[in-house]
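See structure below.
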């Protein structure tokens, strides 16, 4: 474990050094993150204009969902997506051979291969939105709700990571899945809305098939003190099950990999 934490720290330090080499670009990316945050909030303000609540959610509570969405997206675009897009290129070019030669687990190496440090602005924005939402609600979350909300944030991040790993692993068979990963990113945009907004089959899809509810809605409900322990436990166990399945698929994909030099 110490070796892998050291690997993450080294790659993070390299990414930060690379980003700070072009400080104007770093600041520009921060400004773009603020603009994106404003555009993310705009549909919410339009939806609640003249409405007290939608599907049982008032505006401050829905802001908590937005905050989790931004936090998960910061991890996705700052850590997961850059690394896995790079993986697709490595598989196509054959340079993945060099990853397999390193004395560490290939999945850990791929996951820690590339970061986008300026996504920290999105994470800070998510925290600011959550604080603002609770100011509007007039009271802070209880310590228990805060702890459970953080645990389910980790669970949601694991679910998101597992889903992207499965898509990346499919590249070993298909060869080019860039468009599928971008499509998955577009579907992930639905996570900005509470899952209760969706009706019928769509709610089922966004809870169990593409579990965006696990990534944002359930953690937000935990922070708001609205989730029961059975649902919280199911969320955690479901995320761990997704991680296990994604690992098994990754191992099977590695076995299927044919070196470009063979």
Inset, instruction - Would you mind classifying segment 41-99 by shape? Square roots of the alpha carbon gyration tensor eigenvalues, ordered a ≥ b ≥ c; an a/c under 1.5 is rounded, otherwise it is prolate if a/b is larger than b/c and oblate if not. - result: prolate
Legend entry - D_trans [Stokes-Einstein, Kirkwood Rh over alpha-carbon pairs] for the chain, 20 °C, 1.002 mPa s, µm² s⁻¹: 109
Legend entry - Cβ crowding within 10 Å averaged over residues, with 214-223, 32-41, 112-121 ranked highest first: 214-223, 112-121, 32-41
Inset, instruction - Pairs of Cα atoms under 8 Å, at least six residues apart: use those to get the relative contact order of segment 44-136, whole percent. - result: 42
Inset, instruction - Could you work out how far helix 143-169 tilts from the main Cα principal axis of the chain, as a 0 to 90 degree angle to the nearest 10? - result: 40
Legend entry - Relative contact order (%) - criterion: Cα under 8 Å, at least six apart; region: the chain: 27
Legend entry - Shape of segment 72-177, Cα gyration tensor, a/c cut at 1.5: prolate
Legend entry - Over the chain: helical MRE at 222 nm, DSSP H runs n ≥ 4 each giving -39500 (n - 2.57), nearest 500: -22500 deg cm²/dmol
Legend entry - Span per principal axis, largest first, for the Cα atoms of segment 207-255 (Å): 45, 17, 15
Inset, instruction - Give the angle, between 0 and 90 degrees and rounded to the nearest 10, that separates the Cα long axis of helix 120-137 from the longest principal axis of the Cα atoms of the chain. - result: 20
Inset, instruction - Measure nothing but the geometry: give the 0 to 90° angle between the long axis through the Cα atoms of 23-47 and the longest principal axis through the Cα atoms of the chain, rounded to 10°. - result: 40
Legend entry - Average Cα contact separation per residue, segment 137-213, under 8 Å, 6 or more apart, as relative contact order %: 19
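Just so you know, all these numbers are worked out from the coordinates, no wet-lab data involved. Small disclaimer: the values here were computed from a predicted structure and weren't measured. Don't worry about glycine lacking a Cβ; one is built from the backbone with ideal geometry, like all the others, and counts go over all protein chains shown.
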